[in-house]
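Each remark here refers to the structure printed beneath this line.
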Amino acid sequence: MTETPAPPAPSFRSDMTVELVKHSASDTDVLWAARVSTAGEQSLDELQKDPERSKGLINYLMRDRHGSPFEHNSMTFFISAPLFVFREFHRHRVGWSYNEESGRYRQLQPVFYVPDPSRKLVQQGRPGKYEFVEGTQEQHELTSRSMEEVYRRAYETYEEMLAAGVAREVARAVLPVGLYSSMYATCNARSLMHFLGLRTQHEQAKVPSFPQREIEMVGELMEEQWAKLMPLTYAAFNANGRVAP
């Protein structure tokens, strides 16, 4: 007699993961695109022979908001984060392409978000002028306990519906937005700068931003990897107030 495998036990995590899976992105891409308007096609050697001129050109393009040269590159990230992060992420449409794992075609795994003790829990002030402050130990314990209880019950219900023959696309409706999902997200440097300007806080930013911490964590990981690919563009972005061109 074949034994039915035990259902997966719910697991809980607080981190976000971002993997750069492929890219065609360098500062040279910006220089090629910008200089074609005045010099025509140039070789890689010509573009690299004057580093200071290249740095100055990229800074000029960023400062005066000549944005199109920053679009001639591509980065694809594989991101794992809770559903509520992706719902915010998908508001970024221009210059982005997404493919997310589907709850219609596969059984979703019971991996759920529970904030760790470093997550500030208490909101003070009004929309547009508020801040988050540390929660008490009791608030953190209540948050963790409540989330885990709800997640367990929701996933049990999901499995009961699947076992009864209910379609995956229907049964998934009982799962909460704290469920982890994964997706490929492809962008160019200009669209990524727009994202970072809104979804991260930074001391060099001209325009203040108030992102939800969880999407900011994703943004920080993407920014770290992009900075290595396009250091001149990244430096110009920061030097000019982190405003996308």
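The values are calculated or read from the model by the stated rules, or taken from the named source; none is laboratory data. It should be emphasised that the depicted structure is a prediction, and the values quoted were computed from it without experimental measurement. Glycine gets a Cβ as well: all are built from the backbone with ideal geometry, and neighbour counts include every protein chain shown.
Values computed for the structure shown
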quantity	calculated
Of residues in region 34-75 being crowded, with 17+ Cβ neighbours inside 10 Å and of a type in the set (Gly, Ala, Ser), the one modelled with the lowest pLDDT	Ser54
Yes/no for Arg152 being of a type in the set (Lys, Arg), in a helix (DSSP H, G or I) and more than 23 Å from the chain's Cα centre (by Cα)	yes
Close pairs from region 158-178: first surrounded by fewer than 12 Cβ atoms within 10 Å (Cβ to Cβ), partner small (Gly, Ala, Ser), Cβ under 8 Å, at least 6 apart	Glu169/Gly103
Scope region 173-214; condition under 30 Å from Ala154 (Cα atoms) and of a type in the set (Phe, Trp, Tyr); matching residues	Tyr180, Tyr184
Boolean, Thr233 is in a helix (DSSP H, G or I), over 19 Å from Ser26 (Cα atoms), at pLDDT 95 or above and of a type in the set (Val, Ile, Thr)	no
Residue satisfying all of: in region 76-100; surrounded by 15 or more Cβ atoms within 10 Å (Cβ to Cβ) and charged (D, E, K, R); farthest from Ala236 (Cα to Cα) among these	Glu100
Residue within region 129-145 that is without any contact (Cβ under 8 Å) to a residue 12 or more places away in the chain, more than 28 Å from Phe77 (Cβ to Cβ) and of a type in the set (A, V, I, L, M, F, W, C) present	yes
Counted residues, region 189-218 - those being assigned to a helix (DSSP H, G or I) and over 10 Å from the mean Cα position of the chain (by Cα)	8
